[in-house]
1. Restricting attention to the range A:368-380, does a residue exist that is facing chain C (nearest Cβ under 7 Å), within 15 Å of ligand 1 (Cβ to nearest atom) and crowded, with 24+ Cβ neighbours inside 10 Å?
2. How many residues are in a helix (DSSP H, G or I), away from ligand 3 (no atom under 16 Å from the Cβ) and within 14 Å of chain C (Cβ to nearest Cβ) if we restrict to the range A:253-268?
3. I'm told residue A:282 meets every condition in (1) within 16 Å of ligand 3 (Cβ to nearest atom); (2) modelled with pLDDT of 95 or more except one. Can you identify the failing condition by its number?
4. Does the range A:437-449 contain any residue that is in a helix (DSSP H, G or I), closer than 24 Å to residue A:90 by Cα and touching a helix residue (DSSP H, G or I) at 6+ places or on another chain (Cβ under 6 Å)?
5. Check residue A:254 against each of (1) surrounded by 21 or more Cβ atoms within 10 Å (Cβ to Cβ); (2) without any contact (Cβ under 8 Å) to a residue 60 or more places away in the chain and name the one condition it does not meet.
6. Only one of (1) within 14 Å of chain A (Cβ to nearest Cβ); (2) crowded, with 16+ Cβ neighbours inside 10 Å; (3) over 18 Å from residue B:213 (Cβ atoms) is not met by residue B:144, so which one is it?
7. Please state which of the following conditions residue A:190 fails to meet, knowing it meets all the rest: (1) touching a residue at least 12 places away in the same chain (Cβ under 8 Å); (2) away from chain B (no Cβ under 14 Å).
8. Please pick out the residue among A:210, A:130 that is in contact with a helix residue (DSSP H, G or I) (Cβ under 8 Å, 6 or more places away or on another chain), within 21 Å of residue B:47 (Cα to Cα) and within 14 Å of chain B (Cβ to nearest Cβ).
Ligand code: HEM
Ligand SMILES: [Cu+2]
Ligand SMILES: [Cu+2]
């Protein structure tokens, strides 16, 4: 396989047809772009679902503007019925987590960056890589198709708590929930193939001189994430199989009438689920680290501490799952244990935050779009991390569990964290991906709009959560104690609409720049890492010549040098060498 | 560019000189290539190891559920439900163990470059695997007749799920063995290049060892 | 106290609220410090002609300091949480009234044991969606579910407990103020989850006695 990759190394003129170049490509870069486009498309769907949820919360049981045509029983002349409402938030979360954030960070950037940044020509198993994309795409089709079957899509929340999810009688959702399960199992297979590929590639195929502790942090983060995926998703697959058997084949894993244990589902789910949330954030942390160092023109502060903190998170992530179940009736002593581990796992996150600040300290900072997104990542992640402490404190969690406070937390870490990092990553690596620069003005408009409306949409969630506003309710006006909070719901919905509108700027910038952006130089940001040694855009096989690595990835502003960057692949000490 | 700053810069760089620190030596002439020549563990082996890790987590989930029910129940098997047949299953276990040995023979064959031994070993392995699955199937038929169903509470559900998932893996592994067999007939492997055979063998042994664990856990 | 926090009418609610406020102040200080430092750095270290970034790979003393400082804060929080958590969840104090709660799609059945004080006897009484209790008395709840998981949430009591089908979970509270309050369901339980709403009536001793008299008059 690797022989073939080498043979195809320098083959600009040796192009295959459309099908083998764009559809069933085995080039990691094309596969990465396929993941990116698929996920951005899914992001539109997930976003529209969210807007419908927000509409219902702000203006309960009023017709959604422009949706009068949607047939019953989905909508009734534009009015969202409760059954549909439950499908909306369930599918929103499922799509955003499994089909947007993971496939972009891991599928798109994992694929695009790993071979380029460790200095090799392709993944270890290009065929497996190609299959992993198409299997993921198939999973996506299954997930979307579940909207159109009898009974509609899954409506038991993305956590699919049994027995609600384990029998059709409880929700009225039949085939839709089954498709949800099967889709995630199929996706699990795809992600297993991807993880095996990434891990093998990172372990075995690094360029000469690229020791583990010379790898860029984003590669560390993707490597650790791949490990977590490899461990976590099969366990979820097992749980999903049991759930499907309960639904279709009469087993009773989770159905109490026949001896099952509903709480077993929660343990199985969160044993996967907590590592899963770190799967969502670790690559984002890696991305932010790259961008911060480059635009502060400084070595990353505490490189080893950063890598070790991620490894620590990966280990500790397995022993905190119970913090999602404090109110489930678990043994109170277990609750104490899980609270302690949860407090411990907050420490590496704090360490990372301080190191990012340390990286900025003494820097020479410029504020291009990628940097703005990376800075927003740090700032928003801090809020998400701090809100985590409230919930980790078990007595406080009694009150805020299952309220909008949790929803606020989720969105500060996953949108404020991961999605800002995604925007940063897209604008930072776009030149290498498509050979053109993104438009800086549009980038900034998109950034500031997103930052403002993001906070307008999600910060008040903490407030209404503290007010006791439950999550996943259809109509807050049914509760007297929530009436005084309703204006927040309207504010948040207006925020969400603004947030959605500003994403159009991103879409325009993305596609316009792809075809008409300014031609990108080979190394537009004067960065050190290996992907910038490759031609822009890199040909099949990536490098004209496999680079040799002489140093760590963050040698910026080395004293005595004329230039303020010192690429990993440049021989010598750099001092006195004009670049 | 004073001397002092120069040493400061070098001091903070990672200590090892790149080439000395590595077992990977770049090719002379610089027309680099994937440094696969000097790998300690082949890509195929790493990948299979990772696959086994994933499989282990899958079965860990199922076994975890099984243990929750078994430990939490008063009587196992619950009153009215049949115990599992030990005798036949012992025989079956031995069959599977033998298949592990025939797989080993096949691998040893190709290591010596003996393709005939490889093919024979693969066929025997698949055959024994097939017998294992058939015997298990007949055991299931008997159990169903005695009233043990998927729907017989957690006892029936965990049994059929866990053992059925393993059987599915045996069938999948047989498919892999047949694939390798077909490739072997096309003379795809040599004494030097047979990573694919090795990967398949490792997977087969894994399925055997997994069975031993399940047998000890579920049937006793 | 934050204005959005509902009023508290339970004996242990105050402890939860003060823990909440403690975390609020800690996180607020950290928030201001971190975001302040961020903004200050962005301003102070913005690229300026002629100035080069400091070449530094980090500082071990700092690493140790900012590992230990949050650890200490978090350990203290864990210790402080422990006492309150145990008080609320670990053991039910001696109680004056026991009510059994059966959650079902999409109502709360509150079952009172009646004068004999025992459940599953003829004088049990089931009242849908209305939980009536005396003020300043410890009330024990035996919570169950008939179908899926629900969660009994009384914001003013700072009380929340999932109800599980197939197992009984006990909880308790002591209300300190009479009045009528809402009992929403906090765990998604199907299309009627929203609006699954009961009411808590906290009565004075006298009113409670009257109510008991009315309910079990014959
Ligand atoms: C800094 C450390 C963090 C702490 C202490 C923390 C703590 C918690 C706790 C205790 C819960 C459960 C709350 C409840 O349901 O009552 C929770 C929920 C959640 N956390 Fe975190 N968290 C942290 C960081 C993160 C990160 C980095 C992510 C993801 C990128 C994340 C994503 C989530 C999600 C998605 C949920 C909600 C799951 C659901 O119920 O739907 N958290 N967190
Ligand atoms: Cu968690
Ligand atoms: Cu509910």
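The values are calculated or read from the model by the stated rules, or taken from the named source; none is laboratory data. Here the structure is a predicted model, which is why all the values come from computation and not from measurement. Don't worry about glycine lacking a Cβ; one is built from the backbone with ideal geometry, like all the others, and counts go over all protein chains shown.
1. yes
2. Total meeting the criteria: 7.
3. So residue A:282 meets the others, but not (1).
4. To start, the set of residues in the range A:437-449 that are in a helix (DSSP H, G or I) comprises A:440-449.
Now narrow it down to the ones that are closer than 24 Å to residue A:90 by Cα: none.
Looking through the range A:437-449, none of the residues is in a helix (DSSP H, G or I), closer than 24 Å to residue A:90 by Cα and touching a helix residue (DSSP H, G or I) at 6+ places or on another chain (Cβ under 6 Å).
5. The one condition residue A:254 does not meet is (2).
6. Residue B:144 satisfies every listed condition except (2).
7. So residue A:190 meets the others, but not (2).
8. The match here is A:210.
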